[in-house]
Amino acid sequence: MNILITPDSFKGSLTAKEVCDSVALAVKNVFPNSYIEKIPFSDGGEGAIDFFRNNIKGKIVPCNTVDPLGKSINKPYYIFEEGKSAWIELSQASGITLIEESERNPLITSTYGTGIQIKHALQSNCKNIFLGLGGSATHDLGTGIFTALGGSLLNKSKLPIQLGGGYLNQCNEIDDKKLIQELKSAKITMACDVTNPLIGDIGAANTYALQKGAKLEDIKILEKNSLIFAEIIKKKYKISIHNIPGGAAAGGCAAGIFGLLGGIIKNGFDLISKQVNLEENIKKSDLVITGEGSFDKQSLFGKVPYKIASIASKYRIPTIIIAGKINIKKKDINLDGPYSVHCIHPENIQLSEAIKKTNDHIIKKLEIVLSKMKNSKNYFRC
């Protein structure tokens, strides 16, 4: 029996690799003669560097940079394809987990540190920059990145404006004359798992700014400033970034880099899955096991387990989805192929206790599920 184990991480408890190991132990306890293929997965955002380290030949590159508030830090990125390509996680230098909750303020945080990493990779002869979006503390439309790469946003007095989304309304002119030369022969591809546009009720400010530390009045400022800056980009480059699908990702970084640097926005899952021939691995499997920390309605909009289950469903490959928390009804899960969904934790367990016991609960739950499957030919028809 060929079994493919390919989960995302269980955020706050286990990495995707650790989940793989726990699942594999349960599988071997029930199907000792099975062949197991493990692919710890990521959607291209947080955790993507771990994915590359586990699956793609290359190396980690440490880089001196700054956090969203300008404090010096050292954070890695990953180079592969014989040094020609780099995968840079925006959350490494511009992530919300880097700053204390009391300091979170998207009016003043910036992606400048991520720009330093991109510059470092470009000046190390990388030609293809893959930028994994997600988990940012920022809403600066990628202007920090643009500035780190040599660009300037100037006010009416021809002076550089302060970094951060709260100051974008002061921009009167975009100066790209001093962008580093390496950009001319480089390609920037942004990986994201959202389709929200930059502007509007489901745009970057109205959807994501609150979780980055914005107050209600700040959201209005960020929306207004985003619109002002989008118009400046439109005037200079004859490009509209207002309603690009995915433009809201990472505080409008996707839209901004699209307009300022010609970056391409791609679905993160699709980019990552091609690196490991995921669909081919699924096709040759007898069973697929995937999962994530929380499986809910948001999962249906491109999260790893649902995307994997959808591919498996296309080939009628039985799929088991596990999660620490399930908040979705079966009737809302639109999968034609055989599948089952399981919460690993007992009911009414405290979150802190659940996090501590995630490893044990994965093994215990899967042993029960796999044993039932082993003893019932009609298991997935239930």
Check: Can Ser299 be described as crowded, with 21+ Cβ neighbours inside 10 Å, at pLDDT below 90 and assigned to a helix (DSSP H, G or I)?
Finding: yes
Notebook entry, point to check: Quick check, is Ile228 touching a strand residue (DSSP E or B) at 6+ places or on another chain (Cβ under 7 Å), β-branched (Val, Ile, Thr) and in contact (Cβ under 8 Å) with a residue 40 or more places away in the chain?
Noted result: no
Item checked: Which numbered condition Ile241 fails, given (1) in contact with an Asp or Glu (Cβ under 7 Å, 6 or more places away or on another chain); (2) buried (at least 23 other Cβ atoms within 10 Å of the Cβ) -> (1)
Note to self: Cβ contacts < 6 Å: first residue closer than 15 Å to Gln211 by Cβ, restricted to region 79-100; second residue part of a helix (DSSP H, G or I), any location; separation 6+ or different chain. Result?
What the structure shows: Ser94/Gly113; Ser94/Thr114
Margin query: Please verify whether Ala323 is closer than 26 Å to Glu279 by Cα, in contact (Cβ under 8 Å) with a residue 12 or more places away in the chain and assigned to a helix (DSSP H, G or I), treating the condition exactly as stated.
Written below: no
Checklist line | Candidate set: region 38-60, residues that are of a type in the set (A, V, I, L, M) and surrounded by 18 or more Cβ atoms within 10 Å (Cβ to Cβ); chosen: the one farthest from the chain's Cα centre (by Cα) | finding: Ile39
Note to self: Which of the numbered conditions does Ile233 fail, given that it passes all the others? Conditions: (1) modelled with pLDDT of 95 or more; (2) closer than 26 Å to Ile99 by Cα; (3) in a helix (DSSP H, G or I).
What the structure shows: (2)
Check: So Ile221 clears everything in (1) closer than 25 Å to Phe301 by Cα; (2) touching a residue at least 60 places away in the same chain (Cβ under 8 Å) except one condition, right? Which one?
Finding: (1)
Notebook entry, point to check: Which numbered condition trips up Ser299, out of (1) more than 30 Å from Ala24 (Cα to Cα); (2) in the same structural domain as Val369 (by TED's automatic domain parsing)?
Noted result: (1)
Check: Which one of Ile328, Ile317 is under 23 Å from Asp21 (Cβ atoms), in contact (Cβ under 8 Å) with a residue 12 or more places away in the chain and either among the basic types (Lys, Arg) or in contact with a Ser or Thr (Cβ under 8 Å, 6 or more places away or on another chain) (or both)?
Finding: Ile317
Notebook entry, point to check: Restricted to region 203-229, and to residues that are outside any helix (DSSP H, G or I) and more than 17 Å from Gly256 (Cα to Cα), which residue is nearest to the chain's Cα centre (by Cα)?
Noted result: Gly213
Check: Does Asn125 qualify as being in a loop (DSSP other than H, G, I, E, B) and on the phi > 0 side of the Ramachandran plot?
Finding: yes
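Condition test on Tyr112, is it touching a Gly at 6+ places or on another chain (Cβ under 9 Å) and more than 29 Å from Lys238 (Cα to Cα)?
no
With the requirement that a residue be modelled with pLDDT of 90 or more and either closer than 23 Å to Ile96 by Cα or not in a helix (DSSP H, G or I) (or both), what does region 19-51 give you?
The answer is Phe31, Pro32, Asn33, Ser34, Tyr35, Ile36, Glu37, Lys38, Ile39, Pro40.
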Next item on the list: Could you list all residues from region 220-242 that are under 14 Å from Cys171 (Cα atoms) and among the small types (Gly, Ala, Ser)?
Entry: Ser226, Ala230
Item checked: Pairs, first more than 26 Å from Ser34 (Cα to Cα) in region 286-307, second among the basic types (Lys, Arg) and part of a strand (DSSP E or B), C-beta under 6 Å, six or more apart -> Ser294/Lys325
Next item on the list: Name the one entry in Asp336, Asp286, Asp360 that is of a type outside the set (Gly, Ala, Ser) and in contact with a strand residue (DSSP E or B) (Cβ under 7 Å, 6 or more places away or on another chain).
Entry: Asp286
Check: Of the residues in region 128-160, how many are crowded, with 19+ Cβ neighbours inside 10 Å and part of a loop (DSSP other than H, G, I, E, B)?
Finding: 11
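The values are calculated or read from the model by the stated rules, or taken from the named source; none is laboratory data. Computed from a predicted structure; not experimentally measured. Because the Cβ atoms are built from the backbone with ideal geometry, glycine has one as well, and the counts that use them run over all protein chains shown.
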